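Asker: Mind having a look at this structure? Questions to follow.
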Amino acid sequence: MPYTRVLYRKEGDRATITLNRPDKLNAIDDTMFLEMHQALREADADREVKLLIYEGAGASFSAGADLSGTNTALVMPPDPRTRPFLNDLFQATVERRKLLEAIYDSPKMTIARVHGYCLGLGLDVAMMCETIVATEDAVLGDPSIRLGLATQNPLWTWRVGPRRAKELLLTGRYMTGAAALRLGLVTIACPRER
């Protein structure tokens with residue numbers, strides 16, 4: 001399958017999935033979402049691949065779901081002004097969970113290489129990886145909380161503990177990569193040049 005929104009490359013026993021919409025801060029639209037899933041299936045099926053790295057091209061890992069409303073039926077909940085059926089809301093959630101669960105369940109070692117913005121759905125992707133390596137100045141968080149919505153990612157409590165998870169999920173506070181390391185959200189935080 002030819003990829004248009006992600007770059008998939010294999011070097012020896014390592015495969016890299018690069019989110020490739022740098023002009024949009026790698027905002028995830030439906031095409032990118034489906035291509036990420038396809039690249040993951042390709043890596044999982046390749047017996048030579050032992051390590052799978054997720055990264056973002058350009059200035060950021062991912063600013064989250066594309067909010068443009070174009071090509072976003074899978075990554076965004078249906079517009080409530082269209083009065084969607086409850087089934088539509090449920091189905092949209094199920095589709096988003098499939099990719100996230102596939103990353104989490106991958107038999108390969110998974111690493112998210114985070115820099116710049118890592119927000120919303122982008123952070124969900126990173127949190128599904130076994131290891132998150134972030135630059136100290138990366139910005140991590142979930143903007144949906146500031147809109148009065150709830151995160152769909154159940155790993156907050158597991159990653160940072162109940163007290164910190166409550167604080168982050170009730171305030172919607174963003175954090176730097178250095179702060180995320182102190183909280184236990186990321187595994188390694190290093191200067192951008194490293």
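The values are calculated or read from the model by the stated rules, or taken from the named source; none is laboratory data. Everything numeric in this text was worked out from a predicted model, so none of it was measured. Cβ: placed from backbone, ideal geometry, glycine included. Neighbour counts: every protein chain shown. We work out accessible area using only protein heavy atoms, side chains counted, and drop any ligands, DNA or RNA first. Shrake-Rupley method; radii C 1.70, N 1.55, O 1.52, S 1.80 Å.
Asker: Quick check: anything in region 149-158 free of Cβ contacts under 8 Å to residues at least 24 places away in the same chain, polar (S, T, N, Q) and surrounded by fewer than 18 Cβ atoms within 10 Å (Cβ to Cβ)?
Answerer: Looking for residues that are free of Cβ contacts under 8 Å to residues at least 24 places away in the same chain, polar (S, T, N, Q) and surrounded by fewer than 18 Cβ atoms within 10 Å (Cβ to Cβ), one finds at least one in region 149-158, hence yes.
Asker: When you check Ala165 against the structure, is it without any contact (Cβ under 8 Å) to a residue 12 or more places away in the chain and touching a Phe, Trp or Tyr at 6+ places or on another chain (Cβ under 7 Å), yes or no?
Answerer: yes
Asker: Follow-up question, since we're still on this one. Using the structure shown, decide if Arg113 is free of Cβ contacts under 8 Å to residues at least 60 places away in the same chain and basic (Lys, Arg).
Answerer: In short, no.
Asker: For Val125, are the conditions met, namely being in a helix (DSSP H, G or I) and crowded, with 21+ Cβ neighbours inside 10 Å?
Answerer: yes
Asker: Give, as residue ranges, the strands (runs of 3 or more DSSP E) completely inside region 1-60 that count at least 3 residues that are touching a Lys or Arg at 6+ places or on another chain (Cβ under 8 Å).
Answerer: 14-19, 51-56
Asker: Across region 52-73, which residue is modelled with the lowest pLDDT among those that are open to solvent by less than 40 Å² (accessible area, probe 1.4 Å) and among the hydrophobic types (A, V, I, L, M, F, W, C)?
Answerer: Ala65
Asker: Look at Pro143 and say whether it is touching a strand residue (DSSP E or B) at 6+ places or on another chain (Cβ under 6 Å), at pLDDT below 95 and surrounded by fewer than 22 Cβ atoms within 10 Å (Cβ to Cβ).
Answerer: Here the answer is yes, as Pro143 does meet what is asked.
Asker: β-branched (Val, Ile, Thr) and either out of contact with any strand residue (DSSP E or B) (no Cβ under 7 Å at 6 or more places or on another chain) or surrounded by fewer than 18 Cβ atoms within 10 Å (Cβ to Cβ) (or both): is that true of Thr31 in this structure?
Answerer: So Thr31 fits the description; yes.
Asker: Of the residues Arg96, Arg47, only one is of a type in the set (Lys, Arg) and either in contact with a Leu (Cβ under 6 Å, 6 or more places away or on another chain) or open to solvent by 50 Å² or more (accessible area, probe 1.4 Å) (or both); which?
Answerer: When all the criteria are applied, what remains is Arg47.
Asker: State yes or no: is Ile111 within 19 Å of Gln38 (Cα to Cα), of a type in the set (A, V, I, L, M) and either open to solvent by 20 Å² or more (accessible area, probe 1.4 Å) or modelled with pLDDT of 95 or more (or both)?
Answerer: Against the criterion (within 19 Å of Gln38 (Cα to Cα), of a type in the set (A, V, I, L, M) and either open to solvent by 20 Å² or more (accessible area, probe 1.4 Å) or modelled with pLDDT of 95 or more (or both)), Ile111 qualifies.
Asker: If you go through region 95-124 one residue at a time, how many are more than 9 Å from the chain's Cα centre (by Cα) and of a type outside the set (Lys, Arg)?
Answerer: Here the count works out to 16.
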